[in-house]
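Below: the structure, in C-alpha cells.
The values are calculated or read from the model by the stated rules, or taken from the named source; none is laboratory data. These figures come from a predicted structure and were not determined experimentally. Here the Cβ positions follow ideal geometry from the backbone for every residue, glycine too, while neighbour counts run over all protein chains shown.
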Amino acid sequence: MAEGETPYGAIQDGAMLVRDGRIAWVGPRADLPAHDAVETRRLDGRWVTPGLIDCHTHLVFGGNRSHEFERRLTGVPYEQIAREGGGIVSTMTATRATGEDALVASALDRLRGLTDTGVTTVEIKSGYGLDAANELKMLRAARRVGGEGGVRVSTTFLGLHALPPEHRADRAAYLDLMIDDVLPAAHAEGLVDMVDAYCEPIAFTREEVARLFDRARALGLPVKLHADQLSNGGGGALAAAHRALSADHVEHVDEAGVAAMAAAGAVAVLLPGAWLMLRETVLPPVDLFRRHGVRMAVATDCNPGTSPVASMTAALNLACVQFRLTPEEALVGATRHAAAALGLSSAAGTLAAGKAADLAVWNVERPAELCYWMGLPLLHQRWLNGILR
Ligand code: DI6
Ligand code: FE
C-alpha cells in the first residue's frame with residue numbers, strides 16, 4: 001500500500017527498492033527501474049503496509065490496576081477511584097518503586113503485543129513518576145525500549161498527568177517544579193520529543209496546561225493534549241490555539257473545537273480502547289472530523305488504568321466497530337495520520353521514496369482483514385529501517 005488514488009492507495013503486483021534503510025522506489029513491478037540489488041526478497045503476493053504507528057501509549061509503568069478493573073466492573077466510576085487516591089496515583093506509587101531496568105523489561109513485554117501486530121513506531125509518555133527523578137527515569141526507560149525493542153520510539157513528557165499526594169496542599173509548587181525544572185532538565189538530557197498534558201476536571205486546567213505549553217514552545221518542543229475525554233473542557237480548542245500536533249481522545253469536543261482543530265491542522269487521535277474499557281457511551285464526533293477535514297489517527301493508549309490494550313489490530317477493530325471508521329480510514333489513521341500526530345510525516349507513515357523502510361508484511365487477502373480479525377496473528381514480517389526484525 002502506498003500513497004495514491006486507488007482504495008487504500010493499493011498497488012497490485014507491486015515492487016519496492018530499499019537502500020540504506022529507506023525506500024528508494026515503490027510502484028508496480030512492471031515499472032521497476034533497472035537496479036543492482038544485492039538481495040532480493042519475494043513476498044509471494046502478500047500485502048505490505050507501512051509499519052503501523054501507535055501514536056499514543058503509556059507503555060512504561062510499574063504494576064497494574066486489575067484491582068481497580070474489578071471495582072469498576074461493579075459500577076464504581078473511574079473518576080471516583082481517582083479522587084480516592086487510586087487511579088494514576090496508584091500507578092505512580094508502583095512506578096516510583098520500580099527500577100529503570102524492570103520498567104524497561106515490563107514495557108518490552110507489552111511492546112511485543114504491539115510489534116506482533118505490525119507496529120514499527122511507538123510513542124511513549126512519562127507521567128507516572130510525577131517527581132523529577134521518576135519522570136526522568138521513565139523517559140530514560142522509554143528511550144531504551146526503542147533501542148532494545150526494535151522499534152522507533154517518540155517520547156512525550158507528561159508531567160501534568162496527575163497531582164502527586166505530596167503536592168496536594170501546594171499545587172502551584174508542583175506546576176513550578178514540572179514546568180520550570182523537570183521539563184527543561186529532561187529536554188537538556190535529550191529525553192523529550194513532545195509535551196503532553198491531561199486536561200480534565202480530575203487533572204489540570206486549561207490555564208495550567210497553557211503555561212506548560214508556553215514553556216514547551218520556548219524550548220522548541222511540539223505539544224499534544226489529552227483533550228475532552230471525560231467532559232467538554234475546551235481541550236480541542238486549547239490544543240489548536242497552541243498549534244498542537246494532535247488532540248487525543250476528543251469524545252466530547254464540540255463543533256467549535258473541531259473547527260479550530262481543522263484550522264490548526266491538529267490530528268484527532270482516537271483511542272477506542274480507553275472508550276471501551278471505561279464503558280463510555282459518547283462517541284467521538286467522527287462525522288464532524290470528516291466534514292471539517294480533521295485527520296483522524298487511531299492508537300492503543302496502552303496504559304494500566306483506562307486502556308490495557310497492547311494490540312494495534314485490536315485498536316483498528318474497535319475504531320471500525322465502535323467508532324464507525326471505515327477500514328481504510330482506520331489504516332490511514334494507524335499509518336499516515338499517526339505519523340503526522342508525532343511530527344514524523346516526512347520520515348514515516350507511507351510507502352514513498354525517501355521515507356524509512358518501515359514495513360509490515362501481512363498474511364491477509366484484503367487490507368480490510370487488518371481491521372476485521374480480532375486476535376488472529378496476521379503478521380508475516382516486520383522491517384525497521386530496511387532491517388528484518
Ligand atoms: N490516558 C490517560 O493518560 C488517562 N486516561 C487516558 O486515556 C489516565 C490513564 C490512567 O488511568 O492511568
Ligand atoms: Fe493516554
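A compact table of results
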{"item": "Leading residue by the ranking (farthest from the chain's Cα centre (by Cα)) among those in region 90-101 that are of a type in the set (A, V, I, L, M) and surrounded by fewer than 19 Cβ atoms within 10 Å (Cβ to Cβ)", "result": "Ala97"}
{"item": "Test result for Ser246, hydroxyl-bearing (Ser, Thr, Tyr) and within 15 Å of ligand 2 (Cβ to nearest atom)", "result": "yes"}
{"item": "Matching residues, region 308-317, being in contact (Cβ under 8 Å) with a residue 40 or more places away in the chain and either assigned to a loop (DSSP other than H, G, I, E, B) or within 15 Å of ligand 2 (Cβ to nearest atom) (or both)", "result": "Pro308, Ala310, Ser311, Ala315"}
{"item": "Residues of region 248-278 satisfying the condition of being more than 10 Å from ligand 1 (Cβ to nearest atom), closer than 30 Å to Arg65 by Cβ and in contact with a helix residue (DSSP H, G or I) (Cβ under 8 Å, 6 or more places away or on another chain)", "result": "Val250, Glu251, Val253, Gly257, Ala266, Val267, Ala268, Val269, Leu270, Pro272, Leu276"}
{"item": "Exclusive hit being touching a residue at least 40 places away in the same chain (Cβ under 8 Å), part of a helix (DSSP H, G or I) and under 23 Å from Arg96 (Cα atoms), set Ala173, Ala185", "result": "Ala185"}
{"item": "Residues (among the hydrophobic types (A, V, I, L, M, F, W, C), at pLDDT 95 or above and not in a helix (DSSP H, G or I)) located in region 271-306", "result": "Leu271, Val282, Leu283, Val294, Met296, Ala297, Val298, Ala299, Cys302"}
{"item": "Residues located in region 187-209, provided they are closer than 22 Å to Cys55 by Cα and either away from ligand 1 (no atom under 16 Å from the Cβ) or aliphatic (A, V, I, L, M) (or both)", "result": "His187, Gly190, Leu191, Val192, Asp193, Met194, Val195, Ala197, Ala203, Val209"}
{"item": "Residue in region 225-234 that is crowded, with 21+ Cβ neighbours inside 10 Å and over 20 Å from the mean Cα position of the chain (by Cα) present", "result": "yes"}
{"item": "Residue in region 284-292 that is in contact with a Phe, Trp or Tyr (Cβ under 9 Å, 6 or more places away or on another chain) and farther than 30 Å from Glu70 by Cβ present", "result": "yes"}
{"item": "Those residues of region 77-134 which are within 22 Å of Glu200 (Cβ to Cβ), part of a loop (DSSP other than H, G, I, E, B) and in contact with a helix residue (DSSP H, G or I) (Cβ under 8 Å, 6 or more places away or on another chain), in sequence order", "result": "Gly85, Gly86, Gly87, Ser126, Gly127, Tyr128, Gly129, Leu130, Asp131"}
{"item": "Residue ID - surrounded by the fewest Cβ atoms within 10 Å (Cβ to Cβ), chosen from residues in region 188-208 that are part of a helix (DSSP H, G or I) and either modelled with pLDDT under 95 or not aliphatic (A, V, I, L, M) (or both)", "result": "Glu207"}
{"item": "Residue that is surrounded by fewer than 20 Cβ atoms within 10 Å (Cβ to Cβ) and either at negative phi or aromatic (Phe, Trp, Tyr) (or both), where the choices are Arg110, Arg46", "result": "Arg46"}
{"item": "Output for region 139-158, where each listed residue is within 14 Å of ligand 2 (Cβ to nearest atom) and under 16 Å from Asp181 (Cβ atoms)", "result": "Phe157, Leu158"}
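Yes or no, residue by residue, for (1) under 30 Å from Ser126 (Cα atoms); (2) more than 16 Å from ligand 1 (Cβ to nearest atom):
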residue: Gly27; (1), (2): no, yes
residue: Leu32; (1), (2): no, yes
residue: Ala37; (1), (2): no, yes
residue: Pro50; (1), (2): yes, yes
residue: Asp54; (1), (2): yes, no
residue: Phe61; (1), (2): yes, no
